[in-house]
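The next block holds one structure in the form of structure tokens; read it before the comments.
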Amino acid sequence: MTHEALQDLIGSWFQELEFTSEESQFLNIKVPPENLHALMQQLREHPDTRFDYLFCLSGVDWGEELGVVYHLESTTKRHMLVVKVYTADRENPEFDSVSDIWATAEFHEREVFDFFGIRFTNHPNLKRLFLTEDWEGFPLRKDYEDDVNMILH
Amino acid sequence: METEVLYSNFKSEEYFINMGPQHPATHGVLRLLLTIDGEIIKKVEPDLGYIHRSIEKMCERDSYQQIVHLTDRMDYLSANINNEAVCLAVENALQLEIPERVKVIRTIIGELTRIASHCLWWGVMGMDVGALTTYFYGFRDREMINDIMEETCGARLTMNYNVPGGLMLDIHPNFVNRVKEFVAHFKTKLPEYDRLLTGNVIFQKRTVGVGVLSREDAISFGASGPVGRASGYSCDVRKHHPYSAYDRVTFEEALRTEGDTYARYLVRIQEMWESLSIVEQLIDNIPEGEHRVATNAVIKLPKGEYYQKVETARGELGVYIISTGTKNPYRLKFRSPGFSNLSLLNHIAVGGKIGDLVATMATLDLVIPDIDR
Amino acid sequence: MPLRITENIHNWLFSVMPEGVASLVEMTLIAVVYLTIFAVAGLFLVLLERRVAAWFQLRIGPNRVGPQGLLQTMADAIKLLTKELTGTEKADKFLYNLAPYFVIISALMALAVIPFSAEFHAFDINIGIFFLIAISSIGVIGILLGGWSSNNKYALIGAMRSGVQTISYELSVGLSLLTMVVITGSLQLSEIIEVQKSGWLILQGHIPAAIAFMVFMISGTAETNRAPFDMVEAESELGAGFHTEYSGMKFAYFFLAEFINMFIISAIAATVFFGGWLSPFGITESIPELGVFWFLLKTMALVFLMMWFRWTFPRLRVDQLLTLEWKYLLPINLVNLVLMALLVWLNLTLRL
């Protein structure tokens, strides 16, 4: 499906979505955290979208906000889509886990938790993946400081 | 790790062993926490991070030319393809017109890298199932590719040959001849691989029907590369999102439907044949021209988000760049194939024996630095 | 001539001391000579294995220490002698230290009954074959003890596999040799060779004998825990298996025992199936001294076969190992035994 067709279809499911294709090769959807899981479920199940392949899940620290970016592809229809979700709560960021929709998300979400401190509710095994259990802070956040291990300019 | 928690969940017959971080079958510093009942695997839990260097964080302070060098150290067996991924992403963002010569050379070297990687995998695969001789056969042929790379790129493993805008230097005058020599040589050696291992009864007993991954699970777990294709899931980036010169060569995507260890093995063997054919199609037709287009010394990507997929020897590598218009990326994420492939290990290894786990892991072809970026 | 020398020593010993003491001293002397020969021979088998492996693997192999690397394994043994003996903290010290001796002693004991030639035969008892089978299964106790007492899970898995494997394959080794005993009618090794003067047993017993030989080589390889049946060590699965926690000379005992056991299995096969020290078609019958040469030639050919297995085949999985024994080798063996009995009864064996 083309970007426009996807936008029309997905826009009809939920009201609060923001669409943009500027500054990106994909169609981007910004979704409020409370609708994330429902939207993802729908994107995967709906016969016209069928986004069955989550090929990238990245955490991003946008400065003010923390966010997660989901790159989706349909293996049957071969269209791609980017879903973004943001939270302003830097102390206790939390999103719904999508690991029940795509199994690959389990590890990717653990990685995001490890480096950004974003918690995923309903995740089967949310704990540090790379770092040790007693590591303080979340290294990939922009405000992370470590005088010993980080070499800056 | 919370060993106490693990112990308290045990039934009386189950016990827990550490496989790794130093273990011959984990090929690097991967630690697997195995819960075992006798010989039967009940649970596999990978514990990662033993060589995590936080390349993604380092990228945020480096220029784009510098980032290319870091990617070598991820999947060091597909070093050149990793370089290519970052270069392509940057070139697409800058909308540079890349000379045809560069595209063709990148494709040839990429395929040679793939063959070299699969040679090493084949040797190690044999070793993991107990046939030690395969190791030396695989390395013999890989050595020829490394020599070609050394002559042209100056390095054998971490090539650093690509730069944003093209290639660092033009190919060595001997390159074409030596590649042709290698292709002729390897065509006689690949059947030898089959004779030594593929047809062996014990090898087939060890691999057929072991570690079966269904197509649905493969997609759900984000499996890519030979692992996904062995489950009948057409996921070759070279076919679906062609880059460099892949749109002008004909090759067959190695696909099987069994999804077991043996299928993954056969897919890789077939991929070596396909790579040879790609190299053959291109080696005589390297266009004349520049090997590089000029870029600014300081590359600044326009504000925006860029995503580039390439097919490494292990599967789909994604480079996700968020730029704010400065000389450094704001955020750079590598979607590494090994990471997703490792995540399905627990799914396919449970219920098998320890020997099955080793054989299955060998065909996932994990490179640990690729997982611990 | 070796014969004359031993006779002279024998006569001299019995002339200078009382009979009981003399025979005791003689036995000790023989034991010391055997030990020395086979400790060294074991080392050279290790070297041979490494050279053969190198040949299979497009390498040169050890070639620096001494001419053609002949002294390499000697140097290795000396290095192992000087190495620190490490062990695990909570190991069962007594059993842990005892285990290597079980393995090496049972391997060396078996050598006593092997006929190297008509004269070079230390101990010709009338239950030779039975003695060999019995002795060769003692070694597994050492492996089990070693794996269990070192208090390491990998070692324990290795030891358990070893127990399962040796107990299973013991049956096939015994039954395949029993098949041949049906022809010879004797368990005494010298008599078994005597029978073969009218044709090697593998020819006399033709089809069932060939089957018995194959079964024997397969189960013999399994019995010595060598690839493709090296479940016990399985370096890609268990690190080093049952001897993970052993170092220095204790490790060397396990290592050496494996090679001596390989030699023993090949020697039994050469004796029972290929006429032992008899020359082919009796071509050197007039020179009995060449018996040792023929015996070693046949044994080494079979040793090479076992090395060929090791460097070519992948390893079996532990359940496949048991399937092979209980579902294939054992039934084949039993049928084969009946077949052989019928053959002998109906006088269908081939004799020159």
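Please treat every number below as a calculation from the coordinates, not as lab data. Keep in mind the model is a prediction, meaning the values are calculated, not measured. Reconstructed Cβ throughout: ideal geometry from the backbone, glycine too, with neighbour counts over all protein chains shown.
Data for the structure
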read-out	value
Evaluated over the protein assembly as shown, the Cα radius of gyration and Dmax, each in Å	32.8, 115
Computed FRET value (nearest 0.05) for B:LYS327 with A:ASP100, which takes r as the C-beta separation and R₀ as 25 Å	0.05
Globularity ratio of the stretch B:237-280, using Cα Rg and 2.2 N^0.38 Å	1.25
For the stretch C:135-258, the spread of Cα positions along each principal axis, largest first, Å	53, 24, 18
The stretch B:226-373: radius of gyration over Cα atoms, expressed as a fraction of 2.2 N^0.38 Å	1.27
Calculated diffusion of the stretch A:3-90, Stokes-Einstein form, Kirkwood radius summed over Cα pairs, 4 °C and 1.567 mPa s, µm²/s	98 µm²/s
Gyration tensor (alpha-carbon) shape descriptor, the stretch C:86-345, a/c threshold 1.5	prolate
Förster radius 30 Å - calculated FRET efficiency between C:THR28 and C:ASN126 (Cβ-Cβ, nearest 0.05)	0.80
Hits among lysines - C-alpha to C-alpha of B:LYS205 under 19 Å, sequence gap 8 or more where chains match	B:LYS353, C:LYS327
Reach of C:LYS250 by Cα under 26 Å, taken over lysines that are not fewer than 8 positions away in the same chain	C:LYS79, C:LYS83, C:LYS90, C:LYS93, C:LYS153
Distance between the stretch C:179-252 and the stretch B:249-271 - C-alpha centres, whole angstrom	40 Å
Order of B:GLU45, B:GLU271, A:GLU91 - criterion: other Cβ atoms within 10 Å of each residue's Cβ, fewest first	A:GLU91, B:GLU45, B:GLU271
Stokes-Einstein D (µm²/s) once Rh is taken as the Kirkwood radius of the stretch B:75-138 over alpha-carbon pairs, at 37 °C in 0.692 mPa s	244 µm²/s
Formal net charge of residues neighbouring B:GLY289 (Cβ-Cβ distance under 13 Å; K, R +1; D, E -1)	-2
Kirkwood hydrodynamic radius over Cα pairs of the stretch C:224-319, then Stokes diffusion coefficient at 4 °C and 1.567 mPa s, in µm²/s	85 µm²/s
Inter-centroid distance (Cα atoms) of the stretch C:296-313 relative to the stretch A:122-153, Å	56 Å
Isotropic mean projected area of the C-alpha convex hull, chain B (nm²)	18.2 nm²
Helix runs (DSSP H) in chain C reaching 27 Å along axis by Cα, Kyte-Doolittle at least -1.0	C:19-56, C:93-111, C:153-184, C:248-273, C:291-312
Ratio of Rg to Rh over chain A (Cα coordinates, Kirkwood Rh, two decimals)	1.00
Spherically averaged projected area in nm², based on the convex hull that wraps the Cα atoms of the stretch C:1-82	8.0 nm²
Length-normalised contact order of the stretch A:2-146 in % [C-alpha pairs under 8 Å, at least 6 apart]	18 percent
Rounded to 10°, Cα long-axis angle of helix B:354-364 versus longest principal axis of chain B	10 degrees
Virtual spin-label span in nm between C:LYS327 and A:ARG78, 7 Å along Cα→Cβ	4.5 nm
Antiparallel DSSP beta bridges within the stretch A:3-90, percent to nearest 5	85 percent
Length released on extending from B:ASP194 to B:GLN95, taking residue separation times 0.36 nm less the Cα-Cα span	31.2 nm
Degrees between helix B:261-283 axis and first principal axis of chain B (Cα, 0 to 90, nearest 10)	10 degrees
Structure-based [θ]222 nm, chain C - -39500 (n - 2.57) summed over DSSP H runs of at least 4, per residue, nearest 500	-22500 deg cm²/dmol
Once the Cα gyration tensor of the stretch B:200-284 is diagonalised, semi-axes √(5λ) in Å	26, 17, 7
Span per principal axis, largest first, for the Cα atoms of the stretch C:205-261 (Å)	46, 23, 10
Anisotropy class of the stretch B:178-242 from Cα gyration tensor, a/c 1.5 cut	oblate
Order of C:VAL65, C:VAL195 under a 10 Å beta carbon neighbour criterion, fewest first	C:VAL65, C:VAL195
Sequence-distant lysines (8 or more away, or on other chains) whose Cα lies within less than 28 Å of B:LYS180	B:LYS103, B:LYS189, B:LYS239
Centroid-to-centroid separation of the stretch C:124-140 and the stretch B:322-373 [C-alpha atoms, Å]	53 Å
Crossing angle, helix A:105-116 versus chain A [Cα axis fit, 0-90 degrees, rounded to tens]	40 degrees
Global geometry of the stretch C:78-190, whether rounded, prolate or oblate, following the gyration tensor of its Cα atoms and the 1.5 cut on a/c	oblate
Which of C:SER198, C:SER219 has the fewest Cβ neighbours within 10 Å, and the rest in rising order	C:SER198, C:SER219
Rg ratio (alpha-carbon, reference 2.2 N^0.38 Å) - the stretch C:154-206	1.64
